[in-house]
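The values are calculated or read from the model by the stated rules, or taken from the named source; none is laboratory data. What you are looking at is a predicted structure, and each value in this text was computed from that prediction instead of being measured. Quick reminder, even Gly has a Cβ in these numbers, built from the backbone with ideal geometry, and neighbours come from all protein chains shown. Accessible surface is based on the protein model in full, side chains and every heavy atom, while ligands, DNA and RNA are left aside. Shrake-Rupley method; radii C 1.70, N 1.55, O 1.52, S 1.80 Å.
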Amino acid sequence: MRANQRQGLSELKKIIAERKIKQVKKKQIIYYEGDNILGVYLILTGRVKTIKLSEDGRELVTGMYGPDEYLGIHAMLSDDQYNETAEAIEDTSICLLPKDVVNHLLDNYTDIGQKFIKIVSSNLLDKEEQLLQLAYHSVRKRMAEVLLRLAKQQNALDSTDPSIRISREDLASMAGMATETVSRTLGDFKDEGIIEKKGSVIQLIDFQKLTKMKN
């Protein structure tokens with residue numbers, strides 16, 4: 001089994017290296033919710049958001065993804081249609097691992113299945129946490145949690161100048177707020193010395209206050 005695990009990851013890297021790279025422009029859709037599965041996408045550079053639309057047309061951002069992260073694994077493992085829409089939020093390069101290639105890897109290498117299941121489990125936990133925040137947390141607490149989650153996703157927590165980049169509209173969709181509420185809450189955080197803001201870049205100043213934000 002150990003040999004299989006090493007061979008699987010090595011084979012995956014080899015396939016990725018040989019695949020054609022696709023360039024996706026900012027705001028371009030990679031796939032729509034309900035589309036038939038073509039395969040699994042790997043982000044090489046740039047950032048992508050996944051979204052779901054409510055019946056009244058409101059957009060909820062369900063995830064933000066960056067380099068070395070995969071899109072569409074849940075749909076692939078369940079052999080279903082894509083259950084979210086994926087849209088580039090900046091110029092992005094991606095690599096498509098076709099459905100038959102992924103199935104071959106899953107059928108022959110145990111470590112590939114373990115790797116993908118771990119990713120799906122992590123994504124599901126993130127979505128459950130997001131739903132709990134939407135249901136039970138105050139506006140200020142929700143905003144603090146979203147900023148911290150984005151900082152973690154964008155690897156800003158380890159930076160000497162921790163900052164994240166996101167539009168006001170996407171922030172509103174992630175936090176389940178109106179854009180006016182986002183602006184007001186960020187303004188309050190800035191006045192309190194918790195953040196600094198310049199355009200779409202938010203610099204995180206006081207992690208302790210964000211982490212311990214009262215509900």
Once amide H atoms are built 1.01 Å from N in the peptide plane, which residues 5 or more positions from E33, or in another chain, come under 5 Å H to H?
-> T85, A86
Phi-derived 3J(HN,Hα) across segment 75-80 with the Karplus relation (6.51, -1.76, 1.60, θ = phi - 60°), rounded Hz, x for Gly and Pro, is 5, 5, 5, 8, 6, 10
Of K52/K141; K118/K190; K49/K198; K27/K152, those spanning more than 30 Å from alpha-carbon to alpha-carbon | K118/K190
Magnitude of the Cβ-charge dipole (Lys and Arg +1, Asp and Glu -1) of the chain about the Cα centre, nearest 20 debye, reported as 520 debye
Of the peptides 13-21, 203-211, how do they stack up when ordered by the mean number of other Cβ atoms within 10 Å, highest first?
-> 203-211, 13-21
Leaving out ligands and nucleic acids, note down the accessible area per residue over segment 7-114 with a 1.4 angstrom probe, in whole Å².
-> 53 Å²
Solvent-accessible heavy-atom area per residue, rounded to whole Å², over segment 159-215 at 1.4 Å = 56 Å²
When the Kirkwood hydrodynamic radius is evaluated over all pairs of different C-alpha atoms of the chain, what value in angstrom, to one decimal, is obtained?
-> 18.6 Å
When the accessible area of the chain is computed with all protein chains present and a 1.4 Å probe, what percentage of it is carbon and sulfur?
-> 49 percent
Near the amide H of G63, under 5 Å away, which other amide H atoms are found, from residues 5 or more places off or on another chain, if H is placed in the peptide plane?
-> T50
